[in-house]
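> Dropping a structure here in structure tokens format, bear with me for questions.
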Ligand SMILES: *Cc1c(COP(=O)(O)O)cnc(C)c1O
């Protein structure tokens, strides 16, 4: 062989979505990141280091738990409608799936010789995960977070600061996740030589959506193996909440090739998808460019990005990862919605039925288990098995949840 054939890069587009729409100054850094992923991540040394940290530090594999009391609650007539398995990402270190991606990216950045890490955060879970990974690996960390989120996620701001990260409150726009991501991108343009931008979801410019999906695929791969060990079969449906889409795509990657497995995402309907206050990008948005990639976005008739709303800061985002846009259009996955009120009620129901205080984000997925079970059981004419990503624990939301439940019910 004489001419070296160009090697296969990471997947760049999903149908007509994805790609890279960023300032010229960032192209070299994004190429460098893609090349580092391809060169470094497959090596036995990187795999051994990451594997050991996932096992001994993060606590992987996370358990797969059968939620039998929720199963019974699904069906008042006591005929089993569904077997329900929860992938317990809430038990991962820092309390959510975010650490899988943050730790892997910071480890990769260190291999690349980067000396500074920046990240955006909404609920603060990705900020905490990134600050944690930076503390563990000895790198300075700066987090961009909307002022509104700084106020409603105070415990996570405290955690980030205790972990040694510098938190920059962002006062532009709606002062939430979208604006934090803009600010992080702006910082990166200026400091790109020394800095790695640790993106927190399967969104953003190429190669981030694919890179994050690969680092979160551990969720789906473990679920598949654990479920097989338990039932000897595949599930009938996989279910997860969708903000940017990383926990959902991580779970879906375990079952994407299996046509018999129905994939369900749940978006935040906020005060209702027919109001102006929701974050149901795939249900109510349209194709557009946000944060460096083409996907569905919430925008007005003039193409102006709209403010999103959700009671859960982690779902309060007017965009979504491009792979979900493609899965929606191709109908490989179905995207349902749950309102703030449904998520809040579900948080209490899950706490009292299974003893799990879950994140408000996660509660959106729980709220649609019944609908998924009914649809799939009807379609297949038998009881079905559902695997759901229990993406995170709810300590961070306790104040919001209790105040909201008090307001509705005078509890
Ligand atoms: C951040 C977060 C989400 C939403 O982000 P995805 O990228 O869509 O997974 C969901 N659940 C929890 C617990 C989170 O912290």
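Any read-out appearing in this document is the output of simple, stated calculations on the displayed coordinates, not a laboratory observation. Please read all numbers here as calculations on a predicted model, not as lab measurements. Backbone-built Cβ (ideal geometry, glycine too); neighbour counts: all protein chains shown.
> Quick check on the range 258-321: take the gyration tensor over C-alpha atoms, sort the square-rooted eigenvalues as a ≥ b ≥ c, and tell me if it's rounded (a/c under 1.5), prolate or oblate.
Working: a/c = 1.93, a/b = 1.28, b/c = 1.51.
Cα axes put the range 258-321 in the oblate bin.
> Relative contact order (percent) for the chain, with alpha-carbon contacts under 8 angstrom and 6 or more residues of separation? Spell out each step's value before the answer.
Numbers: 883 pairs, mean separation 79.3, N = 411.
Once divided by the residue count of the chain, the mean separation gives 19 percent.
> Is the range 37-111 rounded, prolate or oblate when judged by the Cα gyration tensor, a ≥ b ≥ c being the square roots of its eigenvalues, rounded requiring a/c under 1.5 and prolate requiring a/b larger than b/c? Before the final figure, lay out the partial values.
Values: a/c = 3.78, a/b = 3.26, b/c = 1.16.
Prolate, because a/c is 1.5 or more and a/b exceeds b/c.
> Applying 1/(1 + (r/R0)^6) with R0 = 25 Å to the Cβ-Cβ distance of residue 301 and residue 38, what FRET efficiency is obtained, to the nearest 0.05?
Numbers: r = 41 Å, r/R0 = 1.66.
Given R0 = 25 Å and the Cβ-Cβ separation, E is 0.05.
> For the residue pair residue 65 and residue 395, what label-to-label distance in nm results when each label sits 7 Å from Cα along the Cα-to-beta-carbon direction?
With each label placed 7 Å out from Cα toward Cβ, I get 1.5 nm.
> Rank 305, 99, 118 by mean-square fluctuation in a GNM of the chain with C-alpha springs under 10 angstrom and give only the top-ranked residue.
Highest fluctuation of the listed residues: 305.
> For the range 42-179, what does the relative contact order come out to in percent, with C-alpha contacts under 8 Å and a separation of six or more? Please list the in-between numbers first.
Numbers: 204 pairs, mean separation 23.7, N = 138.
Computed value for the range 42-179: 17 percent relative contact order.
> On a 0 to 90 degree scale, rounded to 10, what angle separates helix 125-137 from the longest Cα axis of the chain?
Long axis of 125-137 versus the principal axis of the chain: about 50 degrees.
> Note the full-extension length gain between residue 25 and residue 352 as 0.36 nm times their separation in residues minus their Cα-Cα distance, in nm to one decimal.
Values: separation 327, 0.36 × 327 = 117.72 nm, distance 5.18 nm.
That pair, residue 25 and residue 352, stretches by 112.5 nm at full extension.
> For the range 78-147, what is the relative contact order in percent, using Cα pairs closer than 8 Å and at least 6 residues apart in sequence? Please report the intermediate quantities before stating the final value.
On the way: 72 pairs, mean separation 21.5, N = 70.
About 31 percent, as a whole number.
> Roughly speaking, what is the stretch gain from residue 374 to residue 191, that is 0.36 nm per residue apart minus the C-alpha to C-alpha distance, in nm to one decimal? Mind dumping the intermediate values first?
On the way: separation 183, 0.36 × 183 = 65.88 nm, distance 5.12 nm.
Separation in residues times 0.36 nm, less the Cα-Cα distance, equals 60.8 nm.
> Now a separate question. Any idea how far apart residue 409 and residue 45 come out in nm if each label point goes 7 Å out from Cα toward Cβ?
5.6 nm
> Checking the a/c ratio against 1.5 first, then a/b against b/c, what shape does the Cα gyration tensor give for the range 246-396?
On the way: a/c = 1.83, a/b = 1.22, b/c = 1.51.
Oblate, since a/c reaches 1.5 and b/c is not below a/b.
> If I model a spin label at residue 257 and residue 55 as a point 7 Å from the Cα along the Cα→Cβ vector, what separation in nanometres do I get?
About 2.4 nm, to one decimal.
> Over all directions, how big on average is the projection of the convex hull of the alpha-carbon atoms in the range 100-160, in square nanometres? Write out the running numbers ahead of the final one.
On the way: hull surface 14.6 nm².
That works out to 3.7 nm².
> Return an integer: the convex hull volume of the alpha-carbon atoms of the range 110-229, in Å³ per residue. Could you put the intermediate results ahead of the total?
Numbers: hull volume 15.1 nm³, N = 120.
Spelled out: Cα convex hull of the range 110-229, divided by residues, is 126 Å³.
> To the nearest 10 degrees, how steeply does helix 24-40 sit against the main Cα axis of the chain, on a 0 to 90 scale?
Once rounded, the angle reads 70 degrees.
> Helix 44-53: angle to the longest alpha-carbon principal axis of the chain, degrees 0 to 90, nearest 10?
In the chain, helix 44-53 runs at an angle near 50 degrees to the longest axis.
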